[in-house]
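Here the structure is laid out as structure tokens; the discussion comes afterwards.
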Amino acid sequence: MSQIHAIRMHETGGPDVLRWEPIDLPPPGPGEVRVRHEAVGLNFIDTYHRTGLYPVPLPAVLGSEAAGIVEAVGEGVTELAPGDRVAYATAPIGAYAEARNIPAAVLVKVPQGIDAQVAAATMLKGLTAHYLLDIGRVREDRPTILVHAAAGGVGLLLCQWAKHFGATVIGTAGSDEKAKLAREHGCDHVILYRRENVRQRIHELTEGQKVDVVYDSVGKDTFHDSIASLRPRGMMVSFGQSSGAVPPFEPRILAAGGSLFFTRPTLHDYARKREELVTRARDLFGAIADGTLTIRVAQTYPLREAARAHADLEGRKTTGSTVLVP
């Protein structure tokens, strides 16, 4: 048994419920690996767990994504050894810690040349962008897409990757600075949603044709604009709710919009099999290595200051990816 420090929460609430505390860490059990974290990814889903929107058993250590070094392996683990560089994004929560025991099946090896902070900043967001491309058939159809929060962590990766595969990419952003960033990362057009009417601009930019796919991680504030921006038989992909949950709606609005499709996917369901996880991670690291994806680790915080990082994320003070450093 060894002692480490972690960010724990004993109750749900604001960022102030996150506390830096010592905890005991036993040796890894059968099928487990102990990973010493070098970098931990910050994601909006972490705030959903903290507030109780997505309930978790308490007390809890938050965090779904990290990169680090294997320190020890449990019985039955043969694919990994001490010293291996690894990352994960589909594990049970618990990444806000200096080290942790984790099932070997959720770990992927990090290739040489990929920095630990880059790996931690891109695993969850990058794998998400990868399966979103699949859902929208971006590689095959080269559609016109609308990406809300285009300057966010997933947005910057999704826009770049979609543009690489030949899509026409329209993004939304809340400021001139974020709009510039989105254009630098694959957006053909950026709508400044605080000053421009999203529906009207989509009509103008597409000459009335509207878009094939909308990727919406914002939720309540953008839902109706998203539906109104779709062409007949277009697809609405709702994969987040940074402004709050989408309110209940009548399925008839999908018919009224032209037989629209609506889906609410999760990475868990699109990396359910080990081979699927490994393939997505291989494609992600390959796209980073060959320059298809430019990774922006825009902010770093000490892990012990996770509360400040949460406040900045919820206050829309961050762009791109954010990493917590133990």
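Look through segment 1-32, keep the residues that are more than 20 Å from the chain's Cα centre (by Cα) and assigned to a helix (DSSP H, G or I), and return whichever of them is surrounded by the most Cβ atoms within 10 Å (Cβ to Cβ).
V17
Identify the single condition in (1) under 22 Å from A151 (Cα atoms); (2) in contact with a helix residue (DSSP H, G or I) (Cβ under 9 Å, 6 or more places away or on another chain) that R274 does not satisfy, given that it satisfies every other one.
Tallying (1) under 22 Å from A151 (Cα atoms); (2) in contact with a helix residue (DSSP H, G or I) (Cβ under 9 Å, 6 or more places away or on another chain), R274 fails exactly one: (1).
Filter segment 46-83 for residues that are among the β-branched types (V, I, T), touching a helix residue (DSSP H, G or I) at 6+ places or on another chain (Cβ under 8 Å) and buried (at least 19 other Cβ atoms within 10 Å of the Cβ) and give the result. Working first, answer last.
Step one: list which residues in segment 46-83 are among the β-branched types (V, I, T), which gives 47, 51, 56, 61, 69-70, 73, 77-78.
Okay, now just the ones that are also touching a helix residue (DSSP H, G or I) at 6+ places or on another chain (Cβ under 8 Å), so 47, 56, 73, 77.
Once the filter is applied, which keeps residues that are among the β-branched types (V, I, T), touching a helix residue (DSSP H, G or I) at 6+ places or on another chain (Cβ under 8 Å) and buried (at least 19 other Cβ atoms within 10 Å of the Cβ), segment 46-83 yields T47, V73, V77.
Among the residues of segment 295-314, write down those that are among the small types (G, A, S) and either modelled with pLDDT under 90 or in contact with a Phe, Trp or Tyr (Cβ under 8 Å, 6 or more places away or on another chain) (or both).
Kept after step one, since they are among the small types (G, A, S), are these residues of segment 295-314: 298, 306-307, 309, 311.
A298, A306, A309 - these are the residues of segment 295-314 that are among the small types (G, A, S) and either modelled with pLDDT under 90 or in contact with a Phe, Trp or Tyr (Cβ under 8 Å, 6 or more places away or on another chain) (or both).
Identify the residue in segment 201-223 that is under 23 Å from the mean Cα position of the chain (by Cα) and assigned to a loop (DSSP other than H, G, I, E, B) and, among all such residues, is nearest to D141 (Cα to Cα).
Within segment 201-223, the match that is nearest to D141 (Cα to Cα) is S217.
This table checks each residue for (1) in the same structural domain as L181 (by TED's automatic domain parsing); (2) crowded, with 21+ Cβ neighbours inside 10 Å; (3) of a type in the set (F, W, Y); (4) outside any helix (DSSP H, G or I).
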position: A105; (1), (2), (3), (4): no, no, no, no
position: V118; (1), (2), (3), (4): no, yes, no, no
position: A129; (1), (2), (3), (4): no, yes, no, no
position: D134; (1), (2), (3), (4): no, no, no, no
position: A162; (1), (2), (3), (4): yes, yes, no, no
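Quickly run through segment 33-59 and pick out the residues that are in a strand (DSSP E or B), aliphatic (A, V, I, L, M) and touching a Ser or Thr at 6+ places or on another chain (Cβ under 9 Å).
Within segment 33-59, the subset in a strand (DSSP E or B) is 33-42.
Within this subset, residues satisfying the condition of being aliphatic (A, V, I, L, M) are 33, 35, 39-40, 42.
A39, L42, listed by residue number.
The values are calculated or read from the model by the stated rules, or taken from the named source; none is laboratory data. Here the structure is a predicted model, which means the values were calculated and not measured. No Cβ is skipped: glycine too gets one built from the backbone with ideal geometry, and neighbour counts run over all protein chains shown.
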